[in-house]
1. Order of 17-30, 39-52 by packing, highest average Cβ count within 10 Å first?
2. So which lysines pass the test for Lys23, namely a Cα distance under 24 Å, with those fewer than 8 places away in the same chain ruled out?
3. Label-point separation (nm) for Ser69 and Asp35, each offset 7 Å from Cα along Cα-to-Cβ?
Amino acid sequence: MLENNRLNDLLNRFPEDVQIIFKEMIQAYQLGYVDYVYQTDKVDVQNRRIKNLIKSFRRMDYFYVMPLSQDLALEIATQCFIMQLRIPRIMRS
């Protein structure tokens, strides 16, 4: 799958600290960044975009809220609700 190869390629071009941040992102965002970097075939433009992403990810506050599509927001909320049901009541307080 070409998209998966590009995702792994982009991940490997990031420094280790940025790789950790990138791996924790929702896949839809990862693929969006892959599309952004590789929408051009010019290597110098790709490198510049990666450099800018590295700076942005390092400054990113973990409380930063990224925009979501309605379907993705519903999926995340459903997953959180299911996970909460699995946690014993004593541990939730």
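1. 17-30, 39-52
2. Lys51, Lys55
3. 0.8 nm
Read the figures in this text as sums done on the coordinates, not as results from a lab. Source: prediction; values computed, not measured. Cβ atoms come from the backbone with ideal geometry, glycine included; neighbour counts cover every protein chain shown.
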